[in-house]
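To start, the structure under review is shown below, and the notes come after it.
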Amino acid sequence: MQSIYFNKITKGVRLVKRTDLKIKMAAIGGLRRLCKISFNAVCQNNRLKASRLCQYRAFRVNGILHQQPFDSPTEKPQFPGASADFVDHLEFIQPNVISGIPVYRVMDRQGQIINPSEDPQIPKEEVLNFYQKMTLLNTMDRILYESQRQGRISFYMTNYGEEGTHIGSAAALDPNDLVFGQYREAGVLMYRGFPLDLFMAQCYANADDLGKGRQMPVHYGSRDLNFVTISSPLATQIPQAAGAAYAMKRENSNRAVICYFGEGAASEGDAHAGFNFAATLECPIIFFCRNNGYAISTPTNEQYRGDGIAARGPGYGMLSIRVDGNDVFAVYNATKEARRRAIAENQPFLIEAMTYRIGHHSTSDDSSAYRSVDEVNYWDKQDHPISRLRHYMTARGWWGEDEERAWRKQSRKLVMEAFEKAERRLKPRPELLFSDVYQEMPTSLEKQKESLWRHLQQYKEHYPLDLYDK
Amino acid sequence: MSLTSFSPSWSDTTAMAAAARFLLRTAGSKASITNVNSCVHSKLGLTPLRVSPSCIPHAKTQKRHAAHFTFQPDPVSTKYGPMQKMNLFQSVTSALDNTLASDPTAVIFGEDVAFGGVFRCTVGLRDKYGKDRVFNTPLCEQGIVGFGIGLAVAGATAIAEIQFADYIFPAFDQIVNEAAKYRYRSGNLFDCGNLTIRAPWGCVGHGSLYHSQSPEAFFAHCPGIKVVIPRGPVQAKGLLLSCIADKNPCIFFEPKILYRAAVDQVPVEPYQIPLSQAEVLQEGSDVTLVAWGTQVHVIREVAAMAQEKLGVSCEVVDLQTILPWDTETVCKSVVKTGRLLISHEAPVTGGFAAEISSTVQEECFLNLEAPIARVCGRRTSWTSEFSISPPIRLNLILSQYMLTTEIARRLFRMH
Ligand SMILES: Cc1ncc(C[n+]2csc(CCOP(=O)(O)OP(=O)(O)O)c2C)c(N)n1
Ligand SMILES: [Mg+2]
């Protein structure tokens, strides 16, 4: 305790504590002034001390950031938290500095390239792959949605109308890039090659489910495909994705992170945390917002008052763009460029993909209670990402009625086969209830496992144990 | 055996009365005594019982105001090589230093950690290891923990600092719904076992409402995380290094009152103290005393006092890991002594003592010779010392007297 080192440190602690207190007192002082309570000299004194402290801190911060030198004669504000000019007229900043952030697109609604220089020139084979993945996703959605209606699986969420955002972004990434998703991005995983069998296994929570049957349907994950397992709490993945991107930056591995979320989830505090951390800590990440117009029943005009999600980017010091999410090439271009720059420049990008959730929120929702059939029909019939890409392919003579008919038949067959296989499969072993809580099994859990086991042995006839894997 | 002896309010009242008498003798302030009494009365609606003088030690310790305990250094052992005198924050720094030196993926981050942290735990580390490894984050606890989870998922060793345990609640969702369940929900495809969250914890005298809390019980309800609390510098380093190496997300609560007050000879080289293992600090035959963190030092004094004043032999157990906790060591001790007293700073209702008590009752019912006693925080919440709040004074200054009174009254029915 007597060592010199200790004494120095102790002084440091005291200094910090005292200054902390002063700041707090100054804040209280401010509060009282607001309340128009007359204030005495003691607090005056504290305010003075606090301002001196600010200077001290400012000096330290400026020392690091190399801002304006203090003896600078220029009439520039010296506040450590902002750099701009003084003005001498009172004016509030308008919330929409520009009148609406524009929507970037490559194709018009008829699938025609608008500006040839923006055409990503994706080869025919890859375009057909886009189309097949988008339609296969659509087919899988139909079958799984129906199977929930028939009581075969417990729950489902469709991706109808958002296929362009999934495939366009997934195609622009490197397979090694890590994906943090929300729950309506099955197409990203499908594009990466997640087999139908595993989609089905997860929805059926059968013994083949990589997640060991522990989560509700659509909570997919794949280590091999760098797709972090989905979790139900909204927006929690956003700061996590920033952290993962920071790790990749330190590894110098030429990998980026993409983080998907809905415009509803973007209202969560975690979204703010993730954006701010990624910007200040310079993380190579793409924040990909699917703005599909609704968060369950809540329309966007009850979700936010600013210009969508893209408008928040500048507030965080983040490069941002709004794209037409139903234009798979626009999504592709934006993601590709964001990825390239995120890695090259170690900074985050925000992409807001405008789209529309054509399906109900989930099988627990009936959206006719809060939106019109006409509205849904418009997007389904007039502005659908799948039809837009099909127009593009048809115009090039890459795809016709015959191909369409054959593919529909084939894709349906693939999905049905996987579906039937998953349905026949046994459920995961009951002991899997207890593993993976910790890396090792603590004694208390071991005891609970044994007690459940004894119980199941004793009362076997009351439990459908034959449905479970041994 | 009268029925009333089982009523908690009875013993509470007794202890409070004892405390009030002590305050009368030490503080010498009429105002505060009146406060104490009125507090007891209005809260419990009972008249304090008379306490026999034999239970209230007329200690020479009456002048203790700043700390309510005496830190006992750990016995010096050269098992892990050269030692250095370190206080608790220096032993934490030493553990972090060892980690950064040996693990190139390790990073340390949080509010104000770059310049050394408000409690000085990260002093010098940024300069030694670079600003990409020891860095400030924006002021946002859910961000700090979320960011740490992501780092760990991507394979890095993430050591997050929450500036005070009182401010961990914005990160509660990230800890409870995310960190704790990452491995389980992904079927072991992904985990954040490389995440350790450090936070200064517990009362410190002037900490008041929001710099004093002991929130371990909130996390003890949550399978998937580990919660660890050291009692001094030697344990702080060894347990922190175990948390960092452990393949599960860990919360490491550091008793902030000990940062400077506790000094040990601490090995300079890295070493680990196993998690989920309680330590028996003193063997005894009549009653088992269980605590963790700062309160360990209080129960050590209680053991001495109980021996001296009551002729009771106490076994002193430092639980060290709150989750998953070492039921075996505690139960084995209770089987031997037949009596158990658990003490923690956090409020008694739903506190971790309740869990220990319930488990011991299940496992050792036939060995118990008295009801299990819990002497824990009784205030609804902290108030500022400067407003001379009687409850905080009671907790800060008088705990060992309360505990000894409890041993006499409840565990041995002495009058
Ligand atoms: C923290 C949290 N709050 C509430 C919910 C319930 N919930 C699930 S989805 C959802 C709407 C999300 O909307 P959005 O982010 O726009 O995604 P979308 O469904 O439109 O794809 C809500 C409120 C949740 N899962 N997590
Ligand atoms: Mg939405």
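Add +1 for every Lys or Arg and -1 for every Asp or Glu among the other residues with Cβ under 14 Å from the Cβ of B:Asp173, and state the total. Net charge around B:Asp173: -3. The aspartates and glutamates within cross-link reach of A:Lys212, meaning a Cα-to-Cα straight distance under 18 Å and a gap of 8 or more places when in the same chain, are A:Asp197, A:Asp224, A:Glu423, A:Glu431, A:Asp436, A:Glu440, A:Asp466, A:Asp469, B:Glu178, B:Asp191.
The Rg/Rh ratio of region A:105-228, with Rg taken over Cα atoms and Rh as the Kirkwood radius over Cα pairs, comes to 1.02.
Highest mean packing comes first when the peptides A:402-411, A:307-316 are listed by Cβ atoms within 10 Å, giving A:307-316, A:402-411. Temperature 4 °C, viscosity 1.567 mPa s: under these conditions the Stokes-Einstein estimate for region A:304-405, based on its Kirkwood radius over C-alpha pairs, is 79 µm² per second. Spatially, region A:192-225 and region B:322-354 are offset by 42 Å when compared through their Cα centroids.
The mean count of C-beta atoms from other chains within 10 Å of the C-beta of residues in A:437-449, rounded to a whole number, is 5. Summing charges over all other residues whose Cβ lies under 10 Å from the Cβ of A:Val103, with Lys and Arg as +1 and Asp and Glu as -1, gives -1. Take the Cβ atoms of A:Asn252 and A:Ser232, set R0 to 25 Å, and the FRET efficiency comes out at 0.15.
Under the simplified labelling scheme, the A:Leu465-A:Asp174 pair shows an inter-label distance of 5.1 nm, with each label point 7 Å from Cα along Cα→Cβ. Database remark: amide H of B:Lys226 closer than 5 angstrom to the amide H of B:Cys250, B:Ile251 (H placed geometrically; neighbours at sequence offset of 5 or more, or on other chains; Pro and chain starts carry no H). Computing FRET efficiency as 1/(1 + (r/R0)^6) for B:Asn188 and A:Gln121, where r is the C-beta to C-beta distance and R0 is 30 Å, gives about 0.10. Pairs with C-alpha atoms separated by more than 22 Å, drawn from the list A:Lys449/A:Lys470; A:Lys133/A:Lys413; A:Lys249/A:Lys336; B:Lys237/B:Lys336; A:Lys381/A:Lys413, are B:Lys237/B:Lys336; A:Lys381/A:Lys413. Spin-label model, A:Gln458/A:Tyr370: points 7 Å from Cα along the beta carbon direction are separated by 4.8 nm.
Taking every alpha-carbon pair under 8 Å whose residues sit at least 6 apart, region B:83-267 reaches a relative contact order of 28 percent. Projected label points at B:Glu269 and A:His89, each 7 Å from Cα along the beta carbon direction, are separated by 7.4 nanometres.
Within the shell of other residues whose beta carbon sits under 13 angstrom from the beta carbon of B:Cys222, the net charge comes to -2, with Lys and Arg scored +1 and Asp and Glu -1.
Here region B:228-311 was treated as a single set of alpha-carbon atoms; its pair distances binned every 5 Å from 0 give 3, 13, 22, 21, 18, 12, 7, 3, 1, 0 percent.
When you count the other C-beta atoms within 10 angstrom of each residue and take the mean per peptide, A:143-149, B:75-81, B:222-228 line up highest first as B:222-228, A:143-149, B:75-81. Neighbouring Cβ atoms from other chains, within 10 Å of the Cβ of residues in B:237-249, number 1 on average.
Peptide B:174-185 has a mean shielding of 5, counted as Cβ atoms of other protein chains within 10 Å of each residue's Cβ.
Find the Cα radius of gyration of region A:161-226, compare it with 2.2 N^0.38 Å by division, and give the number to two decimals. In units of the 2.2 N^0.38 Å rule of thumb, it is 1.08. Shown for A:Asp85, B:Asp132: other C-beta atoms within 10 Å of each C-beta, ranked fewest to most, produce the order A:Asp85, B:Asp132.
Based only on other Cβ atoms within 10 Å, what is the fewest-to-most ordering of B:His221, A:His272?
Working: B:His221 11, A:His272 21.
In increasing order of surrounding Cβ atoms, one gets B:His221, A:His272.
When the alpha carbon gyration tensor of region B:83-267 is reduced to an equivalent ellipsoid, its three semi-axes come out at 23, 19, 15 angstrom, largest first.
Where a number appears in this text, it was derived from the coordinates with a stated rule and is not lab data. Because the structure is a prediction, the values reported are computed rather than measured. No Cβ is skipped: glycine too gets one built from the backbone with ideal geometry, and neighbour counts run over all protein chains shown.
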